[in-house]
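A short write-up of the structure that comes next.
The values are calculated or read from the model by the stated rules, or taken from the named source; none is laboratory data. No experiment lies behind these values; they were computed from the predicted model shown. All Cβ positions, glycine included, derive from the backbone under ideal geometry; neighbour counts span all protein chains shown. With ligands, DNA and RNA removed, areas are computed over all heavy atoms of the protein, side chains included. Shrake-Rupley method; radii C 1.70, N 1.55, O 1.52, S 1.80 Å.
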Amino acid sequence: MKILVGDVGGTFTRLALFDGAVEEPEVFPTDPSLPPEELIDTFLAARGERVESAVLGVAAAVRNGRCMETTNLPWPIDARRIARAARVERALLVNDVEVCAHGIAVLEPGGLATLNAGGTEAPGNRVVISLGTGLGQAGLYWDGERHHAFASEGGYADFAPRNELEAGLGAWLADRYDHVSYERACSGSALGDIHHFLSGEVAPSNEISGRALGMMLSILGTFAGSAALNFLATGRVYLAGGIPRRVLPQLEAGGFLRAFADKGLLRSVLERIPVHVILNEWVTLLGAGVLARQQPN
């Protein structure tokens, strides 16, 4: 039997069947009135399929098979309700970036775009940064033989400006929000705020849009460089999510990598770390399938 795999995000929910590869993927806009259980019921009924198990990556912290409402998801999700909707004995809920990390190992050639080739690659820890509606992070710990994925909520760490303009953005955000995290300054949700902040700095609207994206990608570079140091991710840094795929030319323009490597005495360490953008839209679904196959019967 096939496996139901899912990627539940703040903007879209992706569902598919998995049998060694992602099959029949379908994308649903995230709707507060349509929780995942209803989408799953609709998805499986339309295909007349029964599945053996269900694994969903969700854009939230998961504890004991549950994730509560967050800034990015409009409803709580419970593994028991997902299992009932999928008509399986047990469903597995995992942080979406952790699930994405599982999918990296099975990406086909051409599934990555290289921003920084780095130095001679040695085995080591890796980090995945996902930029979409929110800002997610996961690690891949290297035990000497293989990588082990684990979740993180680094996107909620305090925003640390690098220059006067970013400090101004931080102050502008602090006037509007209780806590200014990196996600507040670097995410799909944040891009509108950056645009509004810059509207007081720049006159033409088309220039504001370009500067807003450039500013956000520079902040992303700072965040990714800090994550690489925190995880000692000498093995690779991956950028996942919908935004990096869509703005690849802007990422390649250099602002991201300048901010990524701007770490003073450790600049040379950052410059040797390979950095890649994940181009495969279904990588989290692939990871869910991989994770499902690893579960005991």
Prolate/oblate/rounded call for segment 202-297, Cα gyration tensor, a/c under 1.5 rounded: oblate
Rounded to whole Å², per residue accessible area for the chain with a 1.4 Å probe reads 46 Å²
With +1 at each Lys and Arg Cβ and -1 at each Asp and Glu Cβ, the charge dipole magnitude of segment 1-104 around its Cα centre, to the nearest 20 debye, comes out at 340 debye
Compute the signed sum of charges (Lys and Arg +1, Asp and Glu -1) over the other residues within less than 15 Å, Cβ to Cβ, of Val51. -2
Are there trypsin sites (Lys or Arg not before Pro) in segment 79-162 that DSSP puts in a loop and that have at most 12 other Cβ atoms within 10 Å, and which ones? Arg146
Would you please name the GluC sites (Glu not before Pro) within segment 55-113 that are DSSP coil residues with at most 13 other C-beta atoms within 10 Å of their C-beta? Glu69, Glu89
Once the Cα atoms of helix 283-294 and of the chain are each reduced to a long axis, what angle between those two axes, in degrees from 0 to 90 to the nearest 10, is obtained? 50 degrees
Can you tell me the orientation of helix 205-230 relative to the chain, as the angle in degrees between its alpha-carbon axis and the longest Cα principal axis, to the nearest 10? 70 degrees
Options [x] 1.39; [y] 0.98; [z] 0.94 are given for Rg/Rh (Cα atoms, Kirkwood Rh), and the computed one is [y]
Let me know the shape class of segment 1-93, please: from the alpha-carbon gyration tensor, a ≥ b ≥ c as square roots of the eigenvalues, rounded when a/c is under 1.5, otherwise prolate if a/b is greater than b/c, or oblate. prolate
Calculate the spin-label point distance for Arg87 paired with Arg267, positioning each point 7 Å from the Cα along the beta-carbon direction, and give it in nanometres. 6.2 nm
Per-residue counts of other Cβ atoms within 10 Å, averaged by peptide: what ranking do you get for 280-292, 234-246, highest first? 280-292, 234-246
Which value, in debye to the nearest 20, gives the size of the charge dipole of the chain about its Cα centre, when Lys and Arg are +1 and Asp and Glu are -1 at the Cβ? 460 debye
Peptides 175-184, 6-15: what's the order by average Cβ count within 10 Å, highest mean first? 6-15, 175-184
What number, rounded to the nearest 500 deg cm²/dmol, is the helix-based mean residue ellipticity at 222 nm of the chain, given -39500 (n - 2.57) per DSSP H run of at least four residues and division by all its residues? -11000 deg cm²/dmol
Looking at the chain as a GNM with Cα springs under 10 Å, which of Val22, Val55, Val128 has the largest mean-square fluctuation? Val22
Net charge near Leu251, counting Lys/Arg +1 and Asp/Glu -1 over other residues with Cβ under 15 Å of its Cβ? +2
Length-normalised contact order of segment 149-204, Cα under 8 Å, at least 6 apart, in percent, tallies to 33 percent
Any chance you could give the angle, 0 to 90 degrees and rounded to 10, that helix 188-198 forms with the longest Cα principal axis of the chain? 20 degrees
